[in-house]
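*Asks:* Here it is, the structure, as structure tokens.
The values are calculated or read from the model by the stated rules, or taken from the named source; none is laboratory data. Please read these numbers as outputs of a predicted model, since none were measured by experiment. Because the Cβ atoms are built from the backbone with ideal geometry, glycine has one as well, and the counts that use them run over all protein chains shown. Please note that ligands, DNA and RNA were not included when accessible areas were found on the heavy atoms of the full protein model with its side chains. Shrake-Rupley method; radii C 1.70, N 1.55, O 1.52, S 1.80 Å.
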Amino acid sequence: MSKALHEAFFKALRTQQQTGYIAESRPSEIENQLLHTFMVQSSSHTGEDLLTRFEIFLSDFTKRTQEIIPEERFNLLKESQIAVLSMPPENLFNMAQRLDLLAFEYDADFERIQKRINSLESLSYKTFLQDVQQFFSKENSKRLAVLIKGEASGEKPFQYEEITSKELEALGSFSSAE
């Protein structure tokens, strides 16, 4: 789903709407929780406008999933992901990285990759469509929006500065999109 979602998001927000130079979506996993992040860097649209566009995109995507990802494409995407997961590491360094990840991030679950392959093999198109609805519809109460606004300074180069969560809260108000 992530590959198709990435393509559709880029096409809608970067190519068609031209909201910003950077428009991407990417999957991630943190503490065994699957996440999907949507990002646009824009000098022409406000954060609120971009958030509205994200909501419209996700609403359209969930309504048109069967059109965007028909069952034939779903099967191709599934087979492609299974092939990627089935490939052995390219070299000793990559194997060490994989084993380190499995040992320390996934509690020594060295069968994790095979379990993912098995899950993909048993994933039906019907379940996939239900999952898309569950994860990306407005009914998902775990959705979170973070709007960051900034200006480029002509005096000194842009750089990040680490701050605590309390300092961040003191900077302004934050709201979630539900």
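*Asks:* Looking for whichever is under 28 Å from S141 (Cβ atoms), out of contact with any Phe, Trp or Tyr (no Cβ under 6 Å at 6 or more places or on another chain) and either open to solvent by less than 100 Å² (accessible area, probe 1.4 Å) or of a type in the set (G, A, S) (or both) here; the options are L99, L77, L34. Which one fits? Walk me through how you get there before you give the answer.
*Replies:* On the way: L99 fails: under 28 Å from S141 (Cβ atoms); L34 fails: either open to solvent by less than 100 Å² (accessible area, probe 1.4 Å) or of a type in the set (G, A, S) (or both).
Being under 28 Å from S141 (Cβ atoms), out of contact with any Phe, Trp or Tyr (no Cβ under 6 Å at 6 or more places or on another chain) and either open to solvent by less than 100 Å² (accessible area, probe 1.4 Å) or of a type in the set (G, A, S) (or both) holds for just one of L99, L77, L34, which is L77.
*Asks:* Can you work out which of the residues in the range 117-133 that are modelled with pLDDT of 95 or more and either touching a helix residue (DSSP H, G or I) at 6+ places or on another chain (Cβ under 7 Å) or basic (K, R) (or both) is most open to solvent (accessible area, probe 1.4 Å)?
*Replies:* The residue in question is K126.
*Asks:* Something else now. Check every one of the helices (runs of 4 or more DSSP H) wholly within the range 1-88 and list those with 1 or more residues that are of a type in the set (F, W, Y).
*Replies:* Working: elements: 2-9, 47-63, 65-68, 71-86.
The qualifying helices (runs of 4 or more DSSP H) are 2-9, 47-63, 71-86.
*Asks:* Right, next: Is there a residue in the range 134-143 that is open to solvent by 70 Å² or more (accessible area, probe 1.4 Å), under 25 Å from M39 (Cα atoms), modelled with pLDDT under 85 and among the acidic types (D, E)?
*Replies:* no
*Asks:* Exactly one condition in (1) free of Cβ contacts under 8 Å to residues at least 24 places away in the same chain; (2) under 30 Å from V146 (Cα atoms); (3) open to solvent by 50 Å² or more (accessible area, probe 1.4 Å) is not met by M87; state its number.
*Replies:* (2)
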